[in-house]
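The block underneath contains the structure these notes are about, expressed in structure tokens.
The values are calculated or read from the model by the stated rules, or taken from the named source; none is laboratory data. The shown structure was predicted, so the numbers you read here are calculated from the model rather than taken from an experiment. We place every Cβ from the backbone using ideal geometry, glycine too, and count neighbours over all the protein chains shown.
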Amino acid sequence: MKHIVKWALRRHLIIYIFTLLIAIMGVFAYFEIPKQENPNTNLPAALITTVYPGATSVQVESLVTDPLEKALASLEKVDVMNSYSYNSASVIVVIFDIDADPETSISKLKDIVSKTQSSLPSLAYESTIDDDLISIPSFILSFSSATLEPGELVSYAQSASTQLSRVSGVSRLIIDGEDTFEVLVNVNVDALNVYQVSIETIVQLMQAQNLTIPSGSIVIDGQSINVQTPSSFESVKDIENMIIKGSSSSVGFVRLSDVATVNVITTSSAGFTRNGETTVLLTGYFNQNVNAVNIGNRVSQELSRITQSFPSSLRVEEVVFSPKDIDKSINNFIGSLLQSIALIIFIVMIFVKLRNALVISLLLPLSILVTFIVMNALRIEFHFISIAALIISLGILVDNGIVIAEAIQFRLNEDYAKHDAIMMGVKDTAVPMLTSTLTTMVTFGMFFFVPGVIGKTVATIPTIVISTLTASYLVAMIIVPIFANLLFKKESAQKIEKSNKSTAYRFFRGLLNFGLKKPKTLIALAFSTLIISGLLFTQLNISFFPYSNKPTFHIDIESQQSNLSTTKATHDQVINILSEYVEIVDVTSAYGRGLPKFFITAPVMSVNESNAQILVNVDLKDSRFSSNEDLGRELQSRFNDVIVGADVQVRYLEYALPVEAKVAIALKGDDLDALLLASSIVQDELKMIQGTTNIRDTHVSSEPQYVVNIDPDYLSTSGLLKFDVVKTINTALMGTKPTQLTIDNRQIPINIQADIQSMDDLLNLTIRSSATNSILQLRQVASLNIDFVNPSIFRQNGLRTITVLSDVLPSSDATSVELELRERLALNQDLQDVEIVYRGELSNITDLISNLGLSSLAVIALIYLILVFQFNNLKQPLIILASIPLSLSGVFLGLVLFRVDIQAMALLGAVSLIGIVVNNGILLVEVINTQLQAGSSIEEAIYQALNERYRPITLTTLTTIIGVIPLILSNDPLTSPMALVLFFGLAMSTILTMVVIPTLVFMTHSKKNVVI
Amino acid sequence: MNKLTKNILIIIALTSVGFLLIAPLFDQDESEFVERVVAVETLSVSESAFEESYRSVAFISPLQVTQAAFQNIGTITQINVKEGDRVRVNQVLARIDDEQSRLQLQNSKEALSNAQFNLQTAQSNEQAQKQLYDEAIANDEEAINTLFENQNQAKIDRDIALETYEANRDELGEQDSETQSSLITYNQAELSYQVALTQYNTALDSGESNEVVLARSRYNAAQSNTNANTTQVNIARNNVTQAENNLENTVLRATVSGTVVRVVGNVNELATPLAPVVVIASDELKAIFGVPFQWLPTIFVDQSISIFNSTNQIDATVSSISPLPDQASRTYEVSVNLPSGSFAIGSSVSIDIALDDIVGVWLPISSILNDGQPYVYVVEDNRALKRRVTLLGFNNSDVRVEGLTANETVVINGMKSLRSGTSVKVVSQP
């Protein structure tokens, strides 16, 4: 290092040019860095949907879900595989580990699914795989109007879509709410009986119509001219007139219109509304790793151009337009960044000479610009986490500059020549700075190993902090000396004296006096502070991932009846209630399905007649509600009051999925009865435990269904095949689309189904024997029964799973309830066949704490090793590590004072403190050791260390904690708790470290003297 | 107690007080705990009757369908009706060529008049012979009467002579001449009488006279001749009738009132008795429907049945049930006669045969849940309680259950959010 600096001092021009180059490249990189709203925390996942029309959930489970699950079990790096077997459909969600390669994992999965198709029932449709669970649309536009028809809305949306698709960076546009048409051939069962026709005959005849048979060609004058005979249906009349049976007795031909009504209908299995009007949604996606803000601006411009030509009655509104949010949040964060820089420079200027401050301040933009270059090179996106990481590193990276500047200044003050002072300063600080930089890096490096969603959220933090710190170290070591050479001057003795008499110095000195007199009392005081703050800390609520502070929430509706009109009625009821609140600015909703993914963690509700989703934007200015949650709580209680037969949940935008209940016990096994028994045992035990309430399980009660019992004896004599019966019932109830109607080159599918509205209608259904062509009624070969089946069967990793849930009364807490339950269940012999997984609050805490705890231990061990290398001593590093628990008392107090819930990000902040707080100890112990070696007494060495280091330590701490103030004030739900923790942890640990570490050194040293 | 311990104790005491002062501030942050109340819809339990019935669809067809064909072979010359025409009995539907038939009729009529003439002649002859015969018989009788009277006169004479003799004898005596002469007279009278009696008896004994016999045989011959001629006339008359029929058969008439449903023949085509020319559906209707064997025991002839479509409704009775199932559909055809004009031919109608009423507690199917056994939720003191029920039967939308008592409140919507003991709020009671 010394040689490099020496060389640099000689060739300072190169360094100036190099600095300029870095600045230019950094600015350039800033504009090139991809920008997005949130860190990409989605795990690679796939949704496999297999429709098996008419099958019960149990049949779906055994015939579709099970074979697929067994085949998928061979996949590697699967985090969890959940399956839902419903009536007529199987849904399997495979979520891969965070470190699985999305592309190979998904392609392997596709491979397996396609190979398994052959072993699925022939009537099951081919499985569809949705692996696009990751991409989040960048904008959702609504097209609504009081006067325009839905078809017109669609055509405007289409024209907008066509034009927006030309904007570069826009990857995909999807229109939702587009009406799809079909020709519904509604076959009357009575008429089928009268004319002795089966619905299957109609299907087959339609299929035959579908064939396009080449007619041939005529040769005219040696020229062959093709003849085409269009055979497909060209009008509804064509379909109605289709002859389905020859003449019989006194009746002529039977035409389709004799047995069915034929109508073109819109298949409205789903719809969208915006503030009460039917709407069409245009959802747009951007390319990955791009500057979303720029594309967003281009889209906005293009959109305002497009809408000029639209009628005034058409409103095109932004439901979601994330580039604006990104722009806003990045601007906010850049604002915070600039504020931090300003604050830090201001602090530095107060404490050091303006000239020195200028040099130190140079470190900030340079290191940040270097980091931009690294970010751009690694395609690390700008989002609130990466910017927060930048802000956090600001406070730390300036430390290097301060330390080296102080060291050089110290030597200058000792009357060394400038060059020598610089060389000595570099020599003095190169190792301790490297050590302290390394410890910080190691600490943040731990973030690489945080598992799960949290890990992915914070994944950019270590890269950014490490690159900033590396940059800062190099800049401090190479560039700062060059500029110091240019600007630094020897300070006057008067000034040195003045700084020694500063309040801070006197405060520390006083504390240290007390510590050296009564070391044990001081240590006891310090640690009792820790214990008390720790006790207060346990009073805090836990919410690992807080809600987003966007003025938005959503309402998810799941109707208990799978029928669109019931769902729509509930949806309307909810919207009516919402309309009573002036705080609600706009309401966008979907029924029969969910809205397009509008937020990173918002669950996408599947297309299902029982689903509806409402997105609400609020404005809480001048409102009696203080927060989203406040309003949401009132809404939820109103919904609970009036809405019957549907689950209506007010949900907030979150950064992770919520826990189901404070106490949650997942029971897994193959045998449903054993699981149900286990569930009732667990529920009974929970009832015995004080403080539990709302005890329930996730098992869905069986629902009645009709079972068609086919009489095999009669079947064998009737000439009917079981297939005929099953297929006909399937076609009659579910419909089938054998062909299409061609109008204006548009193909509209023809859907044939029977108008079965009652049990009698079903029993009257005519069935044609494919063997003998005779026509029988269903009731001749089968009887109907009522049976009960589970409407849905949930399995996790191939095992049926029932989760028992319990809320906890305020008088008790989840941890003690769960511990007592574990104790009680351990004694129970009946639960041996059932796998029990605790998933409540306690396990979340223990999971995170064990993850963080293990990582922290690893970090502490690494830091210890580094310190052992530096000090060549086993005991002193331990003393330095004592500052870690001391910082915790600050963390606890900070959280308690600001009443912030215990959060993952706050805990991560606490862990990242480890690397920062030990730096102070290193600097102190370093001087004490040097002084002791120089022959000073232990007291002298300690006071000298305080003398020499209190300024850089106070300064570096101040810069760090002042630097994070803008982040605390930004009130971002994720980053501000982390900043808060850094602020208080660092402040507290610094105050204590200055006194406790020397005291500890003093105590261990004096003991050694006694021994000697 | 050393100073250190004292200090530590003071610190602990102070911090504990501080903790106790600060800690309560944080409790209010806990979100208030509210028990979950689920809104539900309920139904008050009561017994009701469900009328079970057999419902099906019937096909309206004419009671009878007549295929009108010519009895004779001939070329169709005229068709007077078209499909859809209403026709009455005897209305002329069509004609075939009648020249042959007319000629035949003429000839047969001539033959008849000849035969009739012959018969007349024979009858006159028979009449004459009969007269002669009668006369002969009369003559015979006259002769016998004369002999009888002669014999009677002779007998009277004899009796007078006898009386005279006996009187003379008694008066005069035997020997008196007068007695003697009267005796002689008497003897002579006796002889005359004997002769007359003999003549009479001989006449009686000898029977008919030859004249009579002759006359009779002549008469019999005349009779036979008449009979033969009568037969001839009859044959001739039959021939005429047949010819007349033949002529009539060149005209096709409606045998029933109804509607022409089909005209099969065409003018100038050859008509044969096997080829119908016009098909007529009767105005009287019947509804027919197939009944699967499972339901056969519940349906019988004369059972009341309601037949209806969207515009019309008729109460009728089952007219007949086919003893054998239809080959193709394996159902037994049930026929119900209907008055003319009640429904359109070829239309389908609904039929409803009322069977028994089933009385019990009927609940919507969807309100029944099952955890291995069926149950419902009842509301008691605003709490949901699980109540086991037994399913007894079901119809199109409801299930009949056992296990509930009248006036209990059963949850019929929202039950899936309930657990036993959940607090509920009844939103509406339909």
Index of the failed condition, A:Ile748 passing every other in (1) more than 11 Å from chain B (Cβ to nearest Cβ); (2) outside any strand (DSSP E or B); (3) in contact (Cβ under 8 Å) with a residue 12 or more places away in the chain; (4) more than 30 Å from A:Val458 (Cβ to Cβ): (2)
Failed item, numbered, when B:Thr405 is tested on (1) within 11 Å of chain A (Cβ to nearest Cβ); (2) of a type in the set (S, T, N, Q); (3) in contact (Cβ under 8 Å) with a residue 60 or more places away in the chain: (1)
Test set (1) more than 10 Å from chain B (Cβ to nearest Cβ); (2) modelled with pLDDT under 85; (3) surrounded by 20 or more Cβ atoms within 10 Å (Cβ to Cβ) - A:Glu609 fails condition number: (3)
Selection within segment B:375-420 - over 17 Å from B:Ala49 (Cβ atoms), part of a strand (DSSP E or B) and of a type outside the set (A, V, I, L, M): B:Tyr375, B:Tyr377, B:Glu380, B:Arg383, B:Lys386, B:Arg387, B:Arg388, B:Thr390, B:Thr409, B:Asn413
Members of segment B:268-293 that are touching a helix residue (DSSP H, G or I) at 6+ places or on another chain (Cβ under 9 Å) and more than 22 Å from A:Tyr195 (Cα to Cα): none
Odd one out for B:Glu333 among (1) among the charged types (D, E, K, R); (2) within 14 Å of chain A (Cβ to nearest Cβ); (3) over 22 Å from the mean Cα position of the chain (by Cα): (3)
Flag for A:Phe272 being among the hydrophobic types (A, V, I, L, M, F, W, C) and assigned to a strand (DSSP E or B): yes
The listed residue being among the acidic types (Asp, Glu), within 12 Å of chain B (Cβ to nearest Cβ) and outside any strand (DSSP E or B), out of A:Asp787, A:Asp807, A:Asp760, A:Asp830: A:Asp760
All positions within segment B:384-402 that are within 13 Å of chain A (Cβ to nearest Cβ), without any contact (Cβ under 8 Å) to a residue 60 or more places away in the chain and farther than 19 Å from A:Pro704 by Cα: none
Set B:Thr250, B:Thr198, B:Thr298: member being farther than 30 Å from B:Asn118 by Cβ, under 26 Å from the mean Cα position of the chain (by Cα) and modelled with pLDDT of 85 or more: B:Thr298
Residue check, B:Asp371 within 11 Å of chain A (Cβ to nearest Cβ), of a type in the set (Asp, Glu) and either within 28 Å of A:Val642 (Cβ to Cβ) or surrounded by fewer than 16 Cβ atoms within 10 Å (Cβ to Cβ) (or both): yes
Residue in segment A:247-269 that is modelled with the highest pLDDT, counting only those that are part of a loop (DSSP other than H, G, I, E, B) and more than 14 Å from every other protein chain (Cβ to nearest Cβ): A:Thr267
Filtered residues of segment B:262-277 (kept if surrounded by fewer than 18 Cβ atoms within 10 Å (Cβ to Cβ) and β-branched (Val, Ile, Thr)): B:Val264, B:Val267, B:Thr272
Given (1) within 11 Å of chain A (Cβ to nearest Cβ); (2) in a strand (DSSP E or B); (3) surrounded by 17 or more Cβ atoms within 10 Å (Cβ to Cβ); (4) in contact (Cβ under 8 Å) with a residue 24 or more places away in the chain, number of the condition B:Val426 does not satisfy: (3)
Selection within segment A:60-106 - in a loop (DSSP other than H, G, I, E, B) and within 30 Å of A:Gln561 (Cα to Cα): A:Asn87, A:Ser88
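State whether the residues of segment B:338-345 include one that is more than 20 Å from B:Ser61 (Cα to Cα) and either within 14 Å of chain A (Cβ to nearest Cβ) or not acidic (Asp, Glu) (or both).
No, that holds for no residue.
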Subset of segment A:810-827 that is more than 14 Å from every other protein chain (Cβ to nearest Cβ) and either within 30 Å of A:Ser90 (Cβ to Cβ) or polar (S, T, N, Q) (or both) - its residue that is surrounded by the fewest Cβ atoms within 10 Å (Cβ to Cβ): A:Ser816
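Report yes if some residue within segment A:136-144 is under 30 Å from A:Gly735 (Cα atoms) and at pLDDT below 85; otherwise report no.
There is no residue in segment A:136-144 that is under 30 Å from A:Gly735 (Cα atoms) and at pLDDT below 85.
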Candidate set: segment B:319-343, residues that are modelled with pLDDT under 85 and under 27 Å from A:Ser774 (Cα atoms); chosen: the one surrounded by the fewest Cβ atoms within 10 Å (Cβ to Cβ): B:Gln327
Of residues in segment B:312-330 being more than 19 Å from the chain's Cα centre (by Cα) and among the charged types (D, E, K, R), the one nearest to the other protein chains (Cβ to nearest Cβ): B:Arg330
Pick from segment A:149-163, criterion in contact with a strand residue (DSSP E or B) (Cβ under 6 Å, 6 or more places away or on another chain) and of a type outside the set (Gly, Ala, Ser), ranking: farthest from A:Thr279 (Cα to Cα): A:Tyr156
Positions within segment B:285-311 being away from chain A (no Cβ under 14 Å), in contact with a strand residue (DSSP E or B) (Cβ under 9 Å, 6 or more places away or on another chain) and surrounded by fewer than 13 Cβ atoms within 10 Å (Cβ to Cβ), in sequence order: B:Phe300, B:Val301, B:Asp302, B:Ser304
Unique match (being at pLDDT below 80, closer than 30 Å to A:Ile422 by Cα and crowded, with 16+ Cβ neighbours inside 10 Å) among A:Glu497, A:Glu491: A:Glu491
Tabulated pairs, segment A:675-686, first within 12 Å of another protein chain (Cβ to nearest Cβ), second surrounded by fewer than 18 Cβ atoms within 10 Å (Cβ to Cβ) and part of a helix (DSSP H, G or I), C-beta under 7 angstrom, 6+ apart or interchain: A:Leu677/A:Asp830
Residues that are in contact with a Phe, Trp or Tyr (Cβ under 6 Å, 6 or more places away or on another chain), within 14 Å of another protein chain (Cβ to nearest Cβ) and hydroxyl-bearing (Ser, Thr, Tyr), drawn from segment A:502-536: A:Ser533
